[in-house]
Amino acid sequence: MYDVIIIGGGPAGITAGIYAARKKLKTLLLTRDFIGQVGLTGPIENWPGEPRIKGADLINQFEEHLRKHTLDIIEEEVSVIEKDDVFRITTESGEKMARTVLLATGRTPRFLEVPGEQEYIGKGVVYCATCDAPVYQNKKVVVVGGGNNGLSSAIELTDYASEVTLLEIQDSCPADELLQERARDKGVTIRTNQTITKISGDDYVSEVELRDGSSMQVDGVFVEIGSLPNSSVAPASIKRNKLNEIEIDQYSCATNLDGFYAAGDVTNIKDKQIVTATGEGAKAALSIYSYLRNLE
Amino acid sequence: MKKITMYTTPTCVFCPAIKQFLSKNDITYTEIDVSKDEAALEEMKNISGQMSVPVTVIGDEVITGYDKKKLQKALDA
């Protein structure tokens, strides 16, 4: 029986793991992998102490730091979470039991949901610009989404692609001004009030249709239109908001189910940042520690 | 011993995870960086039908992306 089972190997889950281990809680961390949203991110410039670090390197550092502490780590996906007198968590290797649970499963990139998208995944439709940008050497590409991730991807792509166009559905990009300026300097064409309505091609993507009815010849479509919370594994009784984010008490990260906590991007916190997720993970672990002590 | 080839890019985030997985199992493999080698990129596309890394070839099995279960199955087959 564990004191706490943490589900998720991103900034919130890892920080919670470190804090829980330091409080000597009997801790198990379950995660599909240690990649997540951070691993898929290009250069990160707002993590204090590291003026510029690749997402994959940062999450590796987090994982190494976690593994220096005493806790169990199993790289498996969770299929069911149930509660009777204790929490029972099912993974492929069986059932694990705990007095408390912390859900820190983060978010998954959103699909465009246009014809051709599913068919051409890996054949021109890309969700990890960092991974595949070098494959698009001298190709024409389009990035969909004018947030920070979209702009960062577009900037990264200018090192390889011959032509980079960025489409933003609203009349201005929500990304940081600094990134927009850098993208323009690097030759990215930014088109606002615009998005893709259809993706087509032969073996690979060759054309996209835009919402104004025009079309573009492109080899790659990089989708960066935000993400959805990975909250479906939480028990049905857990309160979620309209966006399917887990509703937490902002002071303690507790949910409406006694002993069940949530932290980071899967929750209804306002800002989804690495630095905020780590803070939330610490907060949740310390709240769980107090909760368990009060039970004794 | 099956021949194992991995097609990668220097920025691929799933590639280190696969390499770690293979190393843990004491398995040797050949890595091909497709960002520097156009012929290799074409080869990867022909084998996998994909324009996305990682592509791992274990014997006759072609595995795209990071899928531990598929990797293990191909190794055990």
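Read-outs throughout are calculated quantities, based only on the coordinates presented, and are distinct from any laboratory measurement. This one's a predicted model, so the numbers in the text were calculated from it and none came from an experiment. Cβ: placed from backbone, ideal geometry, glycine included. Neighbour counts: every protein chain shown.
Annotation: Cα Rg of the range A:73-115 relative to the compact-globule expectation 2.2 N^0.38 Å equals 1.57.
For the range A:1-57, applying the loop criterion from DSSP together with a ceiling of 13 other beta carbons within 10 Å to the trypsin sites (Lys or Arg not before Pro) yields A:Lys24, A:Arg52.
For B:Lys19, neighbours were defined as the other residues whose beta-carbon sits under 14 Å from its Cβ, and their charges (Lys and Arg +1, Asp and Glu -1) total -2. For the range A:167-257, trypsin sites (Lys or Arg not before Pro) meeting the loop criterion (DSSP other than H, G, I, E, B) and having at most 14 other Cβ atoms within 10 Å: A:Lys186, A:Arg211, A:Lys239, A:Lys242. Estimated from the Cβ-Cβ distance and a Förster radius of 35 angstrom, the FRET efficiency linking A:Val86 and A:Gln118 is about 0.30. Note on the range A:244-296 and the range A:107-125: Cα centroid distance 32 Å, given to the nearest whole angstrom. Among the residues of B:2-14, the average count of other protein chain beta-carbon atoms within 10 Å of the residue beta-carbon is 4. With θ taken as phi - 60° and the Karplus curve 6.51 cos²θ - 1.76 cosθ + 1.60 applied, the whole-hertz 3J(HN,Hα) list for the range B:49-57 is x, 10, 10, 8, 9, x, 10, 10, 10 Hz, x standing for glycine and proline.
Approximating the spin labels as points 7 Å out from Cα along Cα→Cβ, the A:Asp57-to-B:Met1 distance works out to 3.2 nm. Amide H to amide H, with H built 1.01 Å from N, A:Lys54 comes under 5 Å of A:Ile44, counting only residues 5 or more places away or on other chains. Across the range A:182-221, the volume of the C-alpha convex hull divided among the residues equals 74 Å³ per residue. Using R0 = 30 Å, the C-beta based FRET efficiency linking A:Asp176 and A:Gln250 works out to 0.75. Extent of the range A:134-183 along its three principal axes (Cα atoms, max minus min coordinate, largest first): 29, 20, 13 Å.
Per-residue mean of foreign Cβ neighbours for B:55-66 is 1 (Cβ atoms of other chains, 10 Å radius). Kirkwood-type hydrodynamic radius, the protein assembly as shown: 21.8 Å, calculated from all non-identical alpha-carbon pairs.
Checking Cβ-Cβ separations below 4.7 Å across chain A identifies A:Cys173, A:Cys253 as cysteines lacking any candidate disulfide partner. Please report the relative contact order for chain B, taking Cα pairs under 8 Å with a sequence separation of at least 6, and give it as a percent rounded to a whole number. Normalised by residue count, the contact order of chain B is 38 percent. The distance between label points at B:Lys36 and A:Lys198 comes to 4.3 nm (points 7 Å beyond Cα on the Cα→Cβ vector).
Between amide H atoms placed 1.01 Å from N, distances below 5 Å from A:Lys26 occur with A:Asp3, A:Val4, all of them 5 or more places distant or on a separate chain. Note on A:Glu50 and A:Arg184: with the Förster distance fixed at 22 Å, the Cβ-Cβ geometry gives a FRET efficiency of about 0.25. Please grab the % of Cα pairs in chain B that end up more than 14 Å from each other. Percent of Cα pairs beyond 14 Å in chain B: 56. With Cα atoms as the point set, the range A:182-264 shows a radius of gyration and Dmax of 20.5, 54 Å. For chain A, excluding the exposed loop sites themselves (chymotrypsin sites (Phe, Trp or Tyr not before Pro), DSSP loop, at most 14 other Cβ atoms within 10 Å), the longest remaining stretch covers A:112-250. The Cα center of the range B:1-55 and the Cα center of the range A:25-56 differ in position by 23 Å. Scaled against the 2.2 N^0.38 Å expected of a compact globular protein of N residues, the Cα radius of gyration of the range A:3-105 reads 1.12. Each residue, B:Tyr29 and B:Ala77, gets one label point 7 Å from its Cα in the Cβ direction; the gap between the two is 1.5 nm.
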